[in-house]
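The values are calculated or read from the model by the stated rules, or taken from the named source; none is laboratory data. Note that this is a predicted model, so its numbers are computed, not measured. So basically every Cβ, Gly included, is an ideal-geometry build from the backbone, and we count neighbours across all protein chains shown. Side chains included, ligands, DNA and RNA excluded: accessible areas come from the protein's heavy atoms. Shrake-Rupley method; radii C 1.70, N 1.55, O 1.52, S 1.80 Å.
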Amino acid sequence: MAFITANWNPLGEAFYRKIELYEMGWSLRDGLKECLVAAAPYGGPIALLRQPQRPSSSARPQLEIYSSSGANMASFPWKSGPVRQLGWTVCDDLLCIQEDGTVLIYDLFGAFKRHFSMGNEVVQNQVLEAKVFHSPYGTGVAIVTGASRFTLATNIDDLKLRRLPEVPGLQGAPSCWAVLTQDRQTKVLLANGADLYILDNTSCTPVTPPGLSPQACSIVNMAVSFSYKYLALFTDSGHLWMGSANLKDKLSEVDTKVRTPPKQMVWCRRPKSQQPSVVIMWDRLLLVAGECTDTIQYTLDEESVCVAELDGVRIVGGSRHELLQEVPSACQDIFKIASMAPGALLLEAHKEYEKSSQKADEYLREIKEQSVLGEAVRQCVEAAGYEHEPETQKTLLRAASFGKCFLSNYPPEPFVSMCRDLKVLNSVREYTVGIPLTHTQYKQMTVQVLIDRLVYRKLYPLAIEICRYLKTPEYQGVSRVLKHWACCKVQQKEEPDESIAHAVSVKLGEAAGISYSEIAARAYECGRTELAIKLLEFEPRSGEQVPLLLKMKRSQLALSKAIESGDTDLVYTVVTYLKNEMNRGDFFMTLRNQPVALSLYRQFCKHQEQDTLKDLFNQDDDHQELGNFYVKASYKEKKLEARLSLLQSAVDEYNKAKNEFAAKATEEEMKLLRFQRRLDEKGEALLGLSLQETLHALLTSNFHKQAEQLYRDFRVPDKRYWWLKLTALAEKDDWEEMEKFAKSKKSPIGYLPFVEVFCLCGAAEAAIERRSEGEISTVLSRCSPTTDRALLERLNRARSTAAKK
Amino acid sequence: MSAHLSYGRVNLNILREAARKELREFLDKCAGSKAIVWDEYLTGPFGLIAQYSLLKEHEVEKMFTLKGGRLPAADVKNIIFFVRPRLELMDIIAENVISEDKMLSPRDFHILFVPRRSMLCEQRLKEQGVLGSFINIDEYILDLIPYDGDLLSMESEGAFRECYLESDQTSLYHTAKGLMTLQALYGTIPQIFGKGECARHVANMMLRMKREFAGSQTQILPVFDSLLLLDRNIDLLTPLATQLTYEGLIDEVYGITNGYAKLPPEKFAAQKKQGEVGKDLPTEPKKMQLNSAEELYAEIRDKNFNAIGAALSKKAKIISAAFEERHNAKTVGEIKQFVSQLPHMQAARSSLANHTSIAELIKDITTSEAFFDNLTVEQEFMTGVDTDKVNTYIEDCIAQKDPLIKILRLVCMQSVCNNGLKQKILDYYKREILQTYGYEHMLTLNNLEKTGLLKPQTSTRNNYPTIRKTLKLWMEDANEQNPNDISYVYSGYAPLSIRLTQVLARPGWRSIEEVLKMLPGPHFEERQQLPAGLHKKRQQGENRTTLVFFLGGVTYAEVAALRFLSQMEDGGTEYIIATTKLINGTSWIKSLMDRPEAP
């Protein structure tokens, strides 16, 4: 405890500390010499490409992947072309950028995933230098070619290559360069001697950093901060310029008094810290520079690599892995020698309390008198998060817990969640896992991503343990991990389908929200169709089963699954697919066994493919529907002959369907049509009228004989005919004929309607004559549906003109 | 605007807000100014969710109706198609996109499918070669639309036809999805009851979907205690009968679509400023929104029409008494209080004037002889008088060529009340109809037979009288003024569907097993497990809340009957009503008609 400040070094207002994270588990004969190294941020994996011991034509370099603690995860001889640069993606995939512009992607365990090219132009000119960068859009790659041209890919998962404009006067590679993300745009910042340029999609703009000391004649190294907000430039005069990445503000300039170009330079600035600081590495020297003229210098005893992090710099060497960072203010307050900060006092009080000393009370009193106990607890909790040693964390948390006892309504959440976070962090920092995350990084990357990372490393039990411990909702937590596990499981080629399916179902059985279809898809990708089908059986969502089943050409199964889901769109999708895949006969047979699909397909045909509809009815011997089909078709036909022949087909079908009524009715219809045509020739336009309308038309235009004939031929009931004739005659004011008609035989509708028609007509005429709104209304109210429509219309018209007056 | 949705037992405004939020999110996804191209069918339902002002706030500058050819010019960045997933609409959209002028500044295209995106449609767009032109293809899940404080409708006109005539169960899938959305907002419904094939299908899908969503369960205390799913085809009779409530009659006479009725303008002219009367009679029909936001309407809409006169005159007295208050207002404070109430009173007065006019319009019809005759025949059928003979009134109506739908309503009613007609009688009616109205109606008659509205008698036994007696479908002494039974909504006939609902609540369906077996389709009960800790602890005297879902449509009279049951003091159950569409006999029969297009 007493030595907690032993590794602190002051720089201006702040302190910097270097903590050892791991003693590396790897055994590298020459350390990191002659190695191409890439270490992923957020405590990610480390990849090494080691050149062969004795350069000879047969010897090949070795690619090795290690965890941050140096545990080997993969190692294999490199058989492809010469590699310029290694890098890691945000999902822990390894990118190997070759000289010819090909980028190969491997997973954490060295399994090849895919490759892409940075463009044809590169093949000739070769890649001189390359950089892998991360932005909100994903992982990107930037290269500069032998022709001094830059090419960018902002997101390798959605590859769009952008060739940037030429840089005037640039020969070969620039002296140094970096990728910037600004205003949702990715740009390249490069130095050619003393000139600085910004390259974006369309232009190359020269820029000058404000206040760069004039002694410099060349910029030899540059570094962009983790957040792309800050920029550091190192000049051949040994000056370090720090400022904002948009080159508008200068933060500070320090003379390092070292003129050799550094091997590596990275920002070392924690969020919210006041002081900008940069770590610069030379062969034997590590230097931290900030605002003041002083610097901190460490000697390096082995070849090392710096890895920029959100809140510090990791230094990976052949035997050690260290973290260099600014001491967070909470830790400073508590541990700074002779600190009187509330947290420091509380820690002291607790220490005394443990010793059963009454001094504890004195310290406590002192804190309480200033009423800063809450602040003290908060400081202790916060500082615990920044400490790497579990012992220190515990001491601080115990002190916080002790202080909390004297507070009545201190919210418990920060303390509880810090305890949980630390438990998770300590377990992943564990040597065997090897993810040295700080609390700040953890909060930034979120639990979800951490779980993903564990899953990529196939650390399923730990991931599940963490999900359960943090009570992550199942479908985000445990279920997701199990799904990945299952996806990995189905790739184990040596195990038989049965046992894998069984193992998967046993493990996943009770977990909620598992997507079996994704697992099945993975199995199918590995060429295990049978296993995929077995797994799909477990999928509760039919919607998810169907597309994959179709892909695997199990269309029958897909159809029944689609029907099960009740989602008609899904059924349609399968049906359309089947229609294109199968020959017509098989297709119809398949539908026949699936009534739901059949009726949906009929619907589809009704609107889209009338002919198919007919075929469908034919194949099912559905004569009734065929009859209806012909009837419908007959109405679309303009020519009478065609119409009649369609109706005849309908009659035949109705007869086959034993629907006598329909057959007879259709025959009647044909008879009527023929009759109408005959009269058509006599100048009466009757075609398309109903029987009733035809009769009416005939009666009003004095074709009494023809009307009588129709009335008999179609066996129109007397009652209806009498009504019809009565209204028709009244409409025509043919009172003579009316009288004859009334006397022709006994009226089946009585004589009241006759009287009504007479009276109404009389009254209506009188009312219209006098143009009195009231009277017309009275007449209208007496009108019954029997009244002929022409009269009604006249009355209505008369009423509205009367009303307008 | 939407306050009336939140007054009920269940705050349906939550649903509306959820729908609005989703709409806003989609609109914001298409940055910049936009024009919406509407599938005309959707504008009505959307009106219940969002007004133009909401769209305007999100930079919607123009609105067009979807039609073929080239899109109208509009200086906007985005063109958004709001469409139902129909293939024929996809063809129109493709035409629009293809004929877009490439020379003009390019516009971004988006599609919003309502209520669900469809692979079939996207496939069609792909075939037409325009799928790639769309920046966003999204779905707007609009299944159940809050129609009133206690009423949800899917506003899906064709649902009955699709389910019972064409065996297309798409609307049932949407129903199940809609109920899942509802459960996501209002908690899992612990009990599901149902009667009918479609009800069974919906319940099965719901249970299945619940399994699919396992793990993402909502931790919401259930608002509904039970769900009752009813097929329309277990009660084909009710919609055929003429509704006799105020709202029901407005719907029968003028039709209510998407909550609006179009009324003849003459009666409303007088309310304009007096100087202008007579000068120009409005010729446009008056469009009135009818919902519980209007206090008076909420009060009277479910009354039997015969009780409307009294209710209106009572209200008139109250309002004029309120206006008289001004003479009593002596102090400045009292006058101030009076004045503050003025806007409310004036609104009440104009609302009263409107409804008095509507009531007069309807009264003209209900007092006509034709209406009376029609009603008499309906009631004869419902009480089982002479349902096995050719009815002379129907015969006369055909002879006089009354509207076909009226005839079909009556014939179907006779068939339903007689459990099918004798082949001879059925053929006679059919022949009369074909001869009078044209042979093309054979297809319609065929449809009616397929759905069971018309059918030949197969067994000699007519079970309608048994059902009528057991369920007390006919009440001789229906009290129209102060109802004590649901039969008041049809002046004597108690809707079968509502009786089933009533019996389910008390004493339970076990008491009517025999009758249930006579009605088509299975009846069932399902329970849905609630997450621990969400079991409702019922307070003493607290009512149960039941959601009644009518698959294939519900009439306003049935809604009125359920509201009546909710208000009964010793009822013990409050009802929220959901349906695929609000229907009446006319709109229902119309949806089943086939009209072959003449050349």
- Item | Hz values of 3J(HN,Hα) by residue in segment A:297-314 - Karplus curve (6.51, -1.76, 1.60), Gly and Pro given as x | 10, 10, 8, 9, 9, 8, 4, 9, 10, 9, 10, 6, 10, 4, 10, x, 9, 9
- As straight-line cross-link partners of A:Lys187, the qualifying lysines (C-alpha separation under 23 Å, not fewer than 8 residues apart within one chain) are A:Lys131, A:Lys160, A:Lys229, A:Lys248, A:Lys250
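In units of 2.2 N^0.38 Å, what is the alpha-carbon radius of gyration of segment A:201-254?
The reported ratio for this selection is 1.12.
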- Counting Lys and Arg as +1 and Asp and Glu as -1 over every other residue whose Cβ sits under 11 Å from the Cβ of A:Pro411, the net charge comes to +1
- Item | Rounded, prolate or oblate (a/c below 1.5 giving rounded, otherwise prolate when a/b exceeds b/c) for segment A:1-87 by Cα gyration tensor | prolate
- Distance (nanometres) between label positions extended 7 Å along Cα→Cβ at B:Asp91 and A:Ser80: 5.0 nm
- Determine, at each q value in 0.05, 0.06 (inverse angstroms), the log₁₀ of I(q)/I(0) that the Debye formula gives when each Cα of the protein assembly as shown is one equal point scatterer. -0.59, -0.79
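Leaving ligands, DNA and RNA out of it, rank A:Cys488, B:Cys30 by accessible area with a 1.4 Å probe, largest first.
Numbers: A:Cys488 30, B:Cys30 0 Å².
Putting A:Cys488, B:Cys30 in descending order of accessible area: A:Cys488, B:Cys30.
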- Ranking A:Phe133, A:Ile156, A:Gly110 by how far each Cα lies towards the positive end of the charge dipole of segment A:109-200 (+1 on Lys and Arg Cβ, -1 on Asp and Glu Cβ), the top one is A:Gly110
- About the Cα centre of segment A:185-321, what is the dipole size in debye to 20, counting +1 per Lys and Arg Cβ and -1 per Asp and Glu Cβ, all else neutral? 280 debye
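Please get the size of the charge dipole for segment B:395-505, origin at its Cα centre, with Cβ charges of +1 on Lys and Arg and -1 on Asp and Glu, quoted in debye to the nearest 20. Walk me through the numbers on the way to the answer.
Numbers: 14 positive and 11 negative charges, 98 e Å.
With only Lys, Arg, Asp and Glu charged at Cβ, the dipole is about 480 debye.
Using a 10 Å Cβ count of at most 13 others and DSSP loop calls, identify the longest part of chain B lacking such GluC sites (Glu not before Pro).
Numbers: sites that count: B:Glu476, B:Glu542, B:Glu569, B:Glu597.
With a cap of 13 other Cβ atoms within 10 Å, the longest stretch comes to B:1-475.
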- The value for segment A:251-365 (convex hull of the alpha-carbon atoms, volume per residue, Å³) is 141 Å³
- When the charge dipole of the protein assembly as shown is computed with +1 on Lys and Arg Cβ and -1 on Asp and Glu Cβ about the Cα centre, the Cα farthest towards its positive end, among B:Leu12, A:Pro540, A:Leu559, belongs to A:Leu559
- Long-range amide H contacts for A:Gln264: which residues qualify at under 5 Å (H placed 1.01 Å from N, peptide plane, sequence gap of 5 or more or a different chain)? A:Met281
- Whole-Å distance linking the alpha carbon centroid of segment B:71-150 with that of segment A:266-326 is 56 Å
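Would you work out the charge dipole size for chain A about its Cα centre, treating the Cβ of every Lys and Arg as +1 and the Cβ of every Asp and Glu as -1, and quote it to the nearest 20 debye?
Details: 101 positive and 103 negative charges, 313 e Å.
Magnitude of the dipole: close to 1500 debye.
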- Query: Considering segment A:404-539, what Rg and Dmax in Å follow from its alpha-carbon atoms?
  - Reply: 18.3, 65
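Looking at chain B, send over the antiparallel percent of its DSSP beta bridges, to the nearest 5. Don't skip to the answer; put the middle values down first.
Numbers: 17 of 61 bridges.
If we restrict to bridges inside chain B, about 30 percent are antiparallel.
Using only the Cα atoms, what convex hull volume per residue in Å³ does segment A:639-703 have?
Expressed per residue, the convex hull around the Cα atoms of segment A:639-703 is 70 Å³.
Pairs A:Lys632/B:Lys430; B:Lys195/B:Lys422; A:Lys458/A:Lys489: which exceed 21 Å Cα-Cα?
B:Lys195/B:Lys422
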- Note on the structure: For chain B the mean separation of alpha carbon contacts under 8 Å (6+ apart) over residue count, i.e. relative contact order in percent, is 18 percent
- Query: If r is the Cβ-Cβ distance from B:Lys450 to A:Asp183 and R0 is 45 Å, what FRET efficiency results, to the nearest 0.05?
  - Reply: 0.10
- Query: Projected onto the charge dipole of the protein assembly as shown (+1 at Lys/Arg Cβ, -1 at Asp/Glu Cβ, origin at the Cα centre), which of B:Ala348, A:Ser237, A:Gln709 gives the Cα projection farthest towards the positive end?
  - Reply: A:Gln709
- Within straight-line cross-link reach of A:Lys113, aspartates and glutamates at Cα separation under 17 Å, skipping those fewer than 8 residues along the same chain: A:Glu64, A:Asp92, A:Asp93, A:Asp157, A:Asp158, A:Glu525
- Report ³J(HN,Hα) in whole Hz for each residue of segment A:60-75, in order, from the Karplus equation J = 6.51 cos²θ - 1.76 cosθ + 1.60 where θ = phi - 60°; Gly and Pro get x. 10, x, 10, 9, 10, 10, 10, 6, 5, 8, x, 7, 6, 10, 6, 6
- Message: How shielded is A:474-485 by partner chains, expressed as the average number of their Cβ atoms within 10 Å of its Cβ atoms?
- Response: 1
- Using only the Cα atoms of segment B:446-599, what do you get for the radius of gyration and for Dmax, in Å? 18.6, 68
- To the nearest 500 deg cm²/dmol, what mean residue ellipticity at 222 nm is calculated for chain B from DSSP H runs of n ≥ 4 alone, each contributing -39,500 (n - 2.57), summed and divided by the residues? -13500 deg cm²/dmol
- Query: What would the Debye formula give as log10 I(q)/I(0) at q = 0.22, 0.23 Å⁻¹ for the alpha-carbon point model of segment A:358-413, no solvent?
  - Reply: -0.84, -0.90
- Query: With N residues in segment A:431-482, what two-decimal value do you get for its Cα radius of gyration over 2.2 N^0.38 Å?
  - Reply: 1.07
- Note on the structure: Expressed in nanometres to one decimal, the distance between label points 7 Å along Cα→Cβ at B:Leu54 and B:Ser511 is 4.3 nm
- Could you list log10 I(q)/I(0) for chain A at q = 0.09, 0.11 Å⁻¹, which the Debye formula gives when each Cα is one point scatterer? -0.98, -1.32
- Note on the structure: Reported to the nearest 10 Å², B:Arg124 has, with a 1.4 Å probe, an accessible area equal to 40 Å²
- Task: Using only alpha carbons, build the gyration tensor for segment A:145-219 and give me the equivalent ellipsoid semi-axes, biggest first, whole Å.
- Result: 24, 15, 10
- Query: In Å, what is the Rg of the alpha-carbon atoms in segment B:490-574, and how long is Dmax?
  - Reply: 14.9, 47
- Query: Taking B:Lys363 as the anchor, which lysines have their alpha carbon closer than 22 Å to its alpha carbon, excluding any fewer than eight residues away along the same chain?
  - Reply: B:Lys262, B:Lys267, B:Lys286, B:Lys287, B:Lys303, B:Lys314, B:Lys315, B:Lys317, B:Lys406
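Going by the alpha-carbon gyration tensor, a ≥ b ≥ c the square roots of its eigenvalues, is segment B:154-203 rounded (a/c under 1.5) or, if a/c is not under 1.5, prolate (a/b greater than b/c) versus oblate?
On the way: a/c = 3.00, a/b = 1.63, b/c = 1.84.
Taking the square roots of the gyration eigenvalues as a ≥ b ≥ c, segment B:154-203 is oblate.
Rounded if a/c is under 1.5, else prolate if a/b is larger than b/c, else oblate: which is chain B, with a ≥ b ≥ c the root eigenvalues of its Cα gyration tensor?
Details: a/c = 1.27, a/b = 1.11, b/c = 1.15.
Note, shape of chain B comes out rounded.
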- Task: For B:Asn136, list long-range residues whose amide hydrogen, built 1.01 Å from N in the peptide plane, is under 5 Å from its own amide hydrogen.
- Result: B:Ile111
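Out of the DSSP beta bridges found with both residues in the protein assembly as shown, what percent are antiparallel (nearest 5)?
75 percent
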